[in-house]
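K.L.:
One structure is given below, represented as structure tokens, and several questions about it will come after.
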Ligand code: G6P
């Protein structure tokens, strides 16, 4: 939530910041701004709306200077407006701040600062940082900066520039991610690596309660309590292609079409096919714990929570270990009963979701082993879990998660095979599952070839106001995910339900205006799903079915059928979700929605 980027070097900062903000726009996009140090004065430009509004307002007249900060906002305190856009400044215009996070005690601090004569121009929590540093400044800027950080409660990833020290940037982190990029005679700070990739691959991450002071001569890191820290510069292995649209109209479409590759990448180097085994180096330390766990909690938010649910079905089915899946936001406050021989798995694309992070900390605090399934390398959840695996899906930029979901499910399958082979699964079964998993990317490709047909179906339903998604077994979570995708990007109200549960409520909604998407793949409960479809037909509901190739029988029950290849029931979400992603995408595009940056949402929810 909120994207921040900062530059100190010998190039013009403004265009680097604006390009960086475009890459960070997925984190928030209700207003944006930059501040540039120009001959010891600070020039700012801020605008409501997307980065292109900021660019248009500057109309090519970018402020000059080679030290600067930029911010794209997702409003928490105060509506999206020019006044509330970052950077925020102190009374005298000496200090400019960009901030991601929430200052929880801002109201008290603001009151005290107003009493001391400070004048506030915005409704934001962030502005108090500029005034607090101003208030505390007595000739030593670093000291004022640190003292201010010690007074604020809440979370921050922030960068401050100041006329007192115009050739420096002060950066700090508590709870909101900050990565620092080390180029040749130039330095960067940002919320994630994407703005840095065009300039440098050498990065390091700040830890909580850590700060950095960057000048032309280098970087000093320490804790905000003034204890020196040592950092190791790592190499990020992204390409520019990973963060561009590569010719697709939207990031979301590109990411949907990347799935044959990303699913393969999630399993690459991890399978020992001949022995039906899976090797996950990142879990070596906790393999025995997982195998003998009395219970596994899986905690996550949003789409990752749906992948977690599929994890529950997989682990219970094949490993016979009790699993409980919980929304991270509930888990963190509900005081769950966690025993020492239990494991908490946190699933997160970004590795930064505030609730998921807090849930895993709660699990650790209660003595459980904590394991991460994460996409973003070096993210906080990746670093705070004692073991884990990366899903290697590459940067996911579309706000609605697609490729991360299928990679998370693939990771769940891998963990399941790894544990199950040590418990109840035979070598033959292990091999069969691995062979089928290896066949999935090709099958996903076949479904992607149906994109135009799915677009035609989308055309027929684009003006609907409600949708119901129904599935059973492994495809109940997929139904939830299909409904979430549609509502996130098209703003059509959609609900996912276990198909049979429909009778206990949603059936009341069914009439000729209610399209119902059924996941009706051929498995043990196929006939039961057909009965559910009949119940919808009897009430004039319109039916779209996701069915297996060759199932011509289904055509008599459905208005539209999207055929997909067959696979094992346990792996079917990897296929059934693809047409649902495409359906949501096409409906949203046909409705003229901003698919990559849907209203009110943010990719990485780093606030509660
Ligand atoms: C936000 C995003 C979703 C994502 C969820 C969890 O709501 O818009 O796409 O599924 O956060 O994010 P995580 O990074 O923890 O998977």
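The values are calculated or read from the model by the stated rules, or taken from the named source; none is laboratory data. This structure is a prediction, so every number in the text was calculated from the model and none was measured. Here the Cβ is made from the backbone with ideal geometry for all residues, glycine too, and neighbour counts use every protein chain on show.
K.L.:
Return the residues of region 12-35 that are in a strand (DSSP E or B) and in contact with a helix residue (DSSP H, G or I) (Cβ under 6 Å, 6 or more places away or on another chain); say none if nothing qualifies. Working first, answer last.
P.N.:
Our first condition is that a residue be in a strand (DSSP E or B); within region 12-35, this holds for 31-35.
Those that are in a strand (DSSP E or B) and in contact with a helix residue (DSSP H, G or I) (Cβ under 6 Å, 6 or more places away or on another chain): 32, 34.
K.L.:
Here's something else I'd like to know. Scan region 97-118 and give yes if some residue there is at pLDDT 95 or above, touching a helix residue (DSSP H, G or I) at 6+ places or on another chain (Cβ under 7 Å), under 26 Å from residue 186 (Cα atoms) and not in a helix (DSSP H, G or I), otherwise no.
P.N.:
yes
K.L.:
Among the residues of region 193-252, write down those that are touching a helix residue (DSSP H, G or I) at 6+ places or on another chain (Cβ under 9 Å), at positive phi and free of Cβ contacts under 8 Å to residues at least 40 places away in the same chain.
P.N.:
Listed by number, the residues that qualify are 209, 246, 247.
K.L.:
Sticking with this one: Cβ-Cβ below 6 Å, separation at least six or inter-chain, first residue in region 283-304 and closer than 27 Å to residue 401 by Cβ, second more than 16 Å from the ligand (Cβ to nearest atom) and assigned to a helix (DSSP H, G or I): which pairs?
P.N.:
So the pair list comes out as 290/419.
K.L.:
Could I ask something else about it? Quick check: is even one residue across region 272-280 surrounded by fewer than 21 Cβ atoms within 10 Å (Cβ to Cβ), within 17 Å of residue 421 (Cβ to Cβ), more than 14 Å from the ligand (Cβ to nearest atom) and under 24 Å from the mean Cα position of the chain (by Cα)?
P.N.:
Of the residues in region 272-280, the ones surrounded by fewer than 21 Cβ atoms within 10 Å (Cβ to Cβ) are 272-275, 277, 279-280.
So of that shortlist, the ones also within 17 Å of residue 421 (Cβ to Cβ) come out as 272-275, 277, 279-280.
Now restrict to residues that are more than 14 Å from the ligand (Cβ to nearest atom): 272-275, 277, 279-280.
With the extra rule that they be under 24 Å from the mean Cα position of the chain (by Cα), the set shrinks to 280.
Scanning region 272-280 turns up at least one residue that is surrounded by fewer than 21 Cβ atoms within 10 Å (Cβ to Cβ), within 17 Å of residue 421 (Cβ to Cβ), more than 14 Å from the ligand (Cβ to nearest atom) and under 24 Å from the mean Cα position of the chain (by Cα).
This table checks each residue for (1) within 16 Å of the ligand (Cβ to nearest atom); (2) in a loop (DSSP other than H, G, I, E, B); (3) touching a strand residue (DSSP E or B) at 6+ places or on another chain (Cβ under 8 Å).
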position	(1), (2), (3)
317	no, no, no
325	yes, no, yes
340	no, yes, no
352	yes, yes, no
360	yes, no, yes
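K.L.:
Follow-up. Out of (1) touching a strand residue (DSSP E or B) at 6+ places or on another chain (Cβ under 7 Å); (2) in contact (Cβ under 8 Å) with a residue 24 or more places away in the chain; (3) part of a loop (DSSP other than H, G, I, E, B), what's the single condition that is false for residue 170?
P.N.:
With respect to (1) touching a strand residue (DSSP E or B) at 6+ places or on another chain (Cβ under 7 Å); (2) in contact (Cβ under 8 Å) with a residue 24 or more places away in the chain; (3) part of a loop (DSSP other than H, G, I, E, B), residue 170 is out only on (3).
K.L.:
Now for a separate question. Just for region 362-381: of the residues that are at pLDDT below 95 and over 18 Å from the mean Cα position of the chain (by Cα), which one is farthest from the ligand (Cβ to nearest atom)?
P.N.:
367
K.L.:
How about region 554-585: which of its residues are buried (at least 20 other Cβ atoms within 10 Å of the Cβ), assigned to a helix (DSSP H, G or I) and over 22 Å from the mean Cα position of the chain (by Cα)?
P.N.:
554, 570, 571
K.L.:
Quick check, is residue 406 under 17 Å from residue 268 (Cβ atoms) and within 16 Å of the ligand (Cβ to nearest atom)? Steps first, please.
P.N.:
Numbers: under 17 Å from residue 268 (Cβ atoms): yes; within 16 Å of the ligand (Cβ to nearest atom): yes.
Criteria met by residue 406.
K.L.:
Any residue at all in region 294-303 that is within 16 Å of the ligand (Cβ to nearest atom), within 21 Å of residue 424 (Cβ to Cβ), in contact with a helix residue (DSSP H, G or I) (Cβ under 6 Å, 6 or more places away or on another chain) and not in a helix (DSSP H, G or I)? Step through it out loud before you land on a result.
P.N.:
At the first step, the residues of region 294-303 found to be within 16 Å of the ligand (Cβ to nearest atom) are 297-303.
Restricting the remaining residues to those that are within 21 Å of residue 424 (Cβ to Cβ) gives 298.
With the extra rule that they be in contact with a helix residue (DSSP H, G or I) (Cβ under 6 Å, 6 or more places away or on another chain), the set shrinks to 298.
Subsequent filtering for residues that are not in a helix (DSSP H, G or I) retains 298.
Yes, because at least one residue in region 294-303 is within 16 Å of the ligand (Cβ to nearest atom), within 21 Å of residue 424 (Cβ to Cβ), in contact with a helix residue (DSSP H, G or I) (Cβ under 6 Å, 6 or more places away or on another chain) and not in a helix (DSSP H, G or I).
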